[in-house]
Amino acid sequence: MGRAFVLAFLLLLAAAAWGREAAPAAENPQLEQRMMALAAELRCLVCQNQSIADSNADLAKDLRQQIREKLAQGQSEGDIIDYLVARYGDFVLYRPPFKLTTLALWLGPLILLVAGLIALFYRLARRRAAAEVELSEAERARAALLLGSPDEVDQR
Amino acid sequence: MNAGTLSVTRYLVPLGVFAALVVLLGIGLKLDPRAVPSPLIDKPAPHFELPQLHDPGKTFSEKEMVGKVWLLNVWASWCVTCREEHPVLTDLAKSGIAPLYGLNYKDRRQDALAWLKGLGDPYQLSVSDIDGRVAIDYGVYGVPETYVIDKRGVIRYKRIGPVTPEIVQQKIIPLVTELSRG
């Protein structure tokens, strides 16, 4: 009885040997993490509002594979960005570089802000100047007449 | 500062800003966000050596075309727009202005051959880019795409999307004529 039980148990174990280990999500999780971090910085040109990391477009999958291979070959993130920019232009970068063609993009908001602040100060200064106009004697008298007794005016 | 000029600027300035915004947004609406300027213009055409579609035993490389102005069209049998573009390419090939070569992008060989058989083959020959590697080197992101490559092997023009009769007349023919002369 005991032997039969052991035999059955061993047979069950043998069956388990047929099963295989689940394939890892990526061969090298660390590499995969670097690949995804880089792909998240890059625009997918097929579906332009998605990054290469997010997109399921075929091209994005191919580019992820390219990035994976290049990282595995020991290329740096900078090398891979240069590789993609050479093919697809600065447009692939979600953080465009600061250069002549992107000057308006980088400085535009700052210029608008400064212009807004200058306009605001200008207006406020003018309003203050307008408020500080002194009344002439005649105007004072007329104001007092309109508002009531001179005493009340003085109390204000 | 009198009241007259004050009220005029009070209304004119916001109106001017509004009009400028309308013009700006109007231009923005007309722009095609997919038309991304290619950094490959005026750069040497990236090297490839790929098996020919009709005869996979043989390869074809862009180097064989040095000394000629030629057109490279990226196409696929699964690409709906390519079907739309096909008659334009057929006419372009017939005009004999420049040899047209095909880069068959991420296609199955039998599908590609059947497509050419059914619609006609405007290409001198096509090469198979099964995994799309060469297309990535050429910055392809939307099939069809068409390149004009000059005698020195430099990319001079790139069309993303279908070639239309207008583009053939206004861009490709003048450019090819000019490049062939030089």
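The values are calculated or read from the model by the stated rules, or taken from the named source; none is laboratory data. If you're wondering where the values come from, they're calculated on a predicted model, not measured in any experiment. Cβ atoms come from the backbone with ideal geometry, glycine included; neighbour counts cover every protein chain shown. Just so you know, the surface numbers come from the protein's heavy atoms only, side chains and all, with ligands and any DNA or RNA stripped out. Shrake-Rupley method; radii C 1.70, N 1.55, O 1.52, S 1.80 Å.
Remarks
- Close amide-amide hydrogen proximity is noted between residue B:154 and B:45, each under 5 Å apart and 5 or more residues distant or on a separate chain (H modeled in the peptide plane; Pro and chain starts excluded).
- Peptide A:79-85 is shielded by partner chain Cβ atoms: per residue, an average of 1 of them sit within 10 Å of its Cβ.
- Compactness index (Cα Rg / 2.2 N^0.38 Å), segment A:25-97: 1.01
- Karplus-derived HN-Hα couplings along segment B:52-57 (A = 6.51, B = -1.76, C = 1.60, θ = phi - 60°), whole Hz, x at Gly and Pro: 6, 5, 7, 9, x, x
- Annotation: per residue accessible area for segment A:101-155 equals 91 Å², rounded to a whole number [probe 1.4 Å, protein chains only].
- Helical runs (DSSP H, four residues minimum) scored at -39500 (n - 2.57) apiece and divided by the length of the protein assembly as shown put the mean residue ellipticity at 222 nm at -16500 deg cm²/dmol.
- With DNA, RNA and ligands ignored, accessible area of residue A:58 (1.4 Å probe; Å², nearest 10): 90 Å²
- Residue-by-residue Karplus 3J(HN,Hα) for segment A:126-134, coefficients 6.51, -1.76, 1.60, Hz, glycine and proline x: 5, 5, 5, 4, 5, 6, 8, 5, 7
- Delta accessible area of at least 20 Å² on complex formation, residues of segment B:97-146, 1.4 Å probe, chain isolated as reference: B:105, B:106, B:133, B:136, B:137, B:139, B:141
- Cα gyration tensor, segment B:74-124 - rounded (a/c under 1.5), prolate or oblate: prolate
- q = 0.11, 0.16 Å⁻¹: log10 I(q)/I(0) that the Debye formula gives for chain B, counting C-alpha atoms only: -0.52, -0.96
- Over 15 Å [Cα-Cα, segment B:33-88], rounded percent: 68 percent
- Tilt relative to chain B, helix B:3-30 - C-alpha long axis, 0 to 90 degrees, to 10: 10 degrees
- Among the protein heavy atoms, those of residue B:82 account for about 0 Å² of accessible surface (1.4 Å probe, every chain in place).
- For segment B:49-181, the share of DSSP beta bridges that are antiparallel, to the nearest 5, is 60%.
- Taking every Cα-Cα distance in the protein assembly as shown and sorting them into 20 Å bins from zero, the calculated P(r) comes out as 21, 36, 20, 13, 8, 1, 0 percent.
- Separation of the alpha carbons by more than 24 angstrom is noted, of B:43/B:171; B:58/B:106; A:70/B:63, for A:70/B:63.
- Accessible area of the protein assembly as shown belonging to carbon and sulfur atoms, whole % at 1.4 Å probe: 62 percent
- Highest mean packing comes first when the peptides A:65-71, B:140-146, A:28-34 are listed by Cβ atoms within 10 Å, giving B:140-146, A:65-71, A:28-34.
- Note on surface exposure: B:38, B:95, B:7 rank B:95, B:7, B:38 by accessible area, highest first, 1.4 Å probe.
- Cβ neighbours within 10 Å from other chains - mean over B:35-42: 4
- Buried between B and A is an accessible area of approximately 1500 Å², summed over both sides with a 1.4 Å probe.
- When only the Cβ of Lys, Arg, Asp and Glu is charged (+1, +1, -1, -1), the dipole of segment B:24-125 relative to its Cα centre reaches about 80 debye.
- Between A:59, B:67, B:47, the Cα set farthest toward the positive side of the dipole of the protein assembly as shown (charges on each charged residue's Cβ, about the Cα centre) is that of B:67.
- Accessible surface, 1.4 Å probe, highest first, among residues B:31, A:63: B:31, A:63
- Cα centroid separation, segment B:29-95 to segment B:142-162 (Å): 6 Å
- Inter-chain Cβ neighbour count for A:41-49, averaged per residue, equals 2 (cutoff 10 Å, partner chain atoms only).
- Across every direction, the projection of the convex hull enclosing the Cα atoms of segment A:70-156 has a mean area of 11.8 nm².
- 5 angstrom amide H check on residue B:60, placed H, neighbours 5+ away: B:50, B:52
- Residue A:101 - accessible surface, heavy atoms, 1.4 Å probe, Å² rounded to 10: 120 Å²
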